[in-house]
Amino acid sequence: MVLNIFFSNKSERRQFIKEQLQANSVATEKDEILSDEIAGIKNIKLKNRFKSIPGFWIEIHFSTDERGKVLYTHLVDSVDLKYVNSHVFYPKENMALKDLEKQWLDKYNLLNRDNDDEAWKLFFQEVKSHIKHDRIDVAYKGFMIFLKYNPFFLKKYRRFYILEDLAYLYENIGNVGKAIKCLKMQAILQPDSVEPYLNISSFYIINGMEEEAFSICREALKKSPENQYLISNLIISLINIGSYEYATDFLRKVLDKDPNNSYFWKLMGDVLYEIEDNKDAIDCYNRALKLGKDPLVEDFKLDIYTGIGDCYYDEENYAEAVNYYRKALNYNPKDTYLLMSLSQIYFFRLKETKTAYKYTKLLVENMPENGYGQYQLGLIHSRLGNMEKAIWHLYKARSIIPYYKPIHDAINMIKKTNNKLQAY
């Protein structure tokens with residue numbers, strides 16, 4: 001016979017052992033077997049979980065003799081069932097907030113100041129357990145209880161950072177609304193910090209909600225007007241909604257105050273590229289590169305070189321475009337955009353098929369499920385006269401992106417001009 005009993009703090013467990021089991025001399029502060037002889041009991045274990053339910057548990061193994069049976073019956077009768085074994089409240093399914101609140105407040109006696117600290121810590125462990133087991137709606141409502149009754153607990157030791165983890169979990173399942181709410185909870189707990197606003201604006205941008213991103217960035221910049229990450233998100237949101245004039249005016253004012261900030265020059269280059277002012281965009285990118293003493297430049301040289309390459313490509317200066325794309329490739333040799341851009345320039349513009357093959361092969365090796373890469377490799381093999389390889393890669397491309405018409409046209413063209421491959 002075994003009985004597991006839940007307690008919300010150590011003192012209640014210690015008191016139970018002394019009063020109900022008359023074990024005054026037993027060490028009760030460590031998670032270990034209690035070895036003192038108690039009539040009717042084989043042993044007692046102190047545990048911090050029972051079937052994944054966190055708590056200050058005791059596991060009592062009773063002897064099979066009459067004394068054990070009597071003691072077992074006595075304890076079962078004297079202990080409230082809601083604190084025994086699997087009867088302890090531990091929601092594995094989502095419930096209405098009011099029901100969860102009632103059950104949790106009762107389970108942990110959360111409004112009783114006498115056991116405040118340990119009970120809240122234990123409740124926090126339960127919320128984290130729900131996150132671990134993907135019960136994120138239950139965890140979210142648990143944080144609502146913290147926010148309502150004890151927000152200072154989450155502020156202490158910066159426990160509120162776990163709300164970011166919960167936000168990303170919501171984002172992964174496509175629930176952007178709840179993700180934003182998690183970050184807004186964090187913002188409430190950090191009224192003087194712009195970090196939650198940065199996270200919220202990033203969520204908005206990723207999910208195509210640029211106007212909301214702009215509003216939240218503008219609000220946060222009142223608190224931290226020189227935060228370049230907020231400025232970056234604001235500019236990105238403006239670019240995405242096509243508000244280029246506002247973006248350039250905003251950045252000019254920023255650069256007037258901070259002309260040596262390489263990142264802001266890079267952002268200005270991005271905006272000017274979007275409005276097809278390629279010459280001035282290249283000038284801005286080069287100004288960012290010239291501020292070489294700024295260690296942050298190294299972090300976004302890939303983007304700067306890619307941006308300059310894009311400008312030269314649009315100007316049909318393919319030699320310079322290749323030059324800067326290759327420089328960018330030094331920072332990420334597997335970048336699919338760069339590999340595809342180099343492949344297409346060498347194949348379609350510079351007519352250097354073997355060089356195009358080199359970059360396309362690298363692209364397909366790194367990402368074999370890239371249908372456009374497979375299509376490009378098929379075209380290259382066709383020009384090189386490797387018809388069997390050409391048709392293989394084209395068929396592969398068709399299986400990945402079956403609705404891309406140029407693939408079907410290329411297959412039909414090869415079949416018409418190569419009778420030997422009609423039955424392939």
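The numbers here are math on the coordinates, done by the rules we state, and not lab data. Note that the coordinates shown come from a computational prediction; the quantities given were computed from them, not determined experimentally. Glycine also receives a Cβ, built like all others from the backbone with ideal geometry; neighbour counts cover every protein chain displayed.
Observations on the structure shown:
- For the listed residue pairs K82/K141; K361/K389; K107/K128; K253/K290; K178/K301; K279/K334, the alpha carbons are over 24 angstrom apart in K178/K301; K279/K334.
- Ranked from largest, the principal axis spans of the Cα set of region 147-292 equal 57, 29, 24 Å.
- Inter-centroid distance (Cα atoms) of region 335-414 relative to region 240-287, Å: 35 Å
- Within straight-line cross-link reach of K416, aspartates and glutamates at Cα separation under 19 Å, skipping those fewer than 8 residues along the same chain: E388
- Check: region 243-332 dipole with +1 on Lys, Arg Cβ and -1 on Asp, Glu Cβ, in debye: 500 debye
- q = 0.08, 0.12, 0.14 Å⁻¹, the chain: log10 I(q)/I(0) [Debye, one scatterer per Cα]: -0.72, -1.02, -1.20
- Among E171, E19, a tally of other beta-carbon atoms within 10 Å of each Cβ gives an order, fewest to most, of E19, E171.
- For K42, the residues 5 or more places off, or on other chains, whose built amide H falls under 5 Å of its own are H61, F62, S63.
- Dipole orientation for the chain: of the candidates N418, N240, I407, N418 has the Cα lying most toward the positive pole (charges on Cβ; Lys, Arg +1; Asp, Glu -1).
- Considering only L3, L122, W57, and ranking their Cα positions along the charge dipole of the chain that arises from unit charges at the beta-carbon of Lys, Arg, Asp and Glu, the one farthest toward the positive end is L3.
- Cα convex hull volume per residue for region 243-332 (Å³): 82 Å³
- Test item: Cα-centred dipole of region 29-163, Lys/Arg +1 and Asp/Glu -1 on Cβ, debye: 760 debye
- Counting neighbouring Cβ atoms within 10 Å and putting the fewest first, the residues T306, T248 line up as T248, T306.
- Measure of compaction for region 339-424 (Cα Rg per 2.2 N^0.38 Å): 1.01
- Dipole-positive endmost among L110, Y263, L363 within the chain (Cβ charges, Cα centre): L363
- Cβ-placed point charges (K, R +1; D, E -1), dipole of the chain about Cα centre in debye, nearest 20: 1180 debye
- Sorted peptide list for 327-334, 94-101, criterion being average Cβ within 10 angstrom, highest first: 327-334, 94-101
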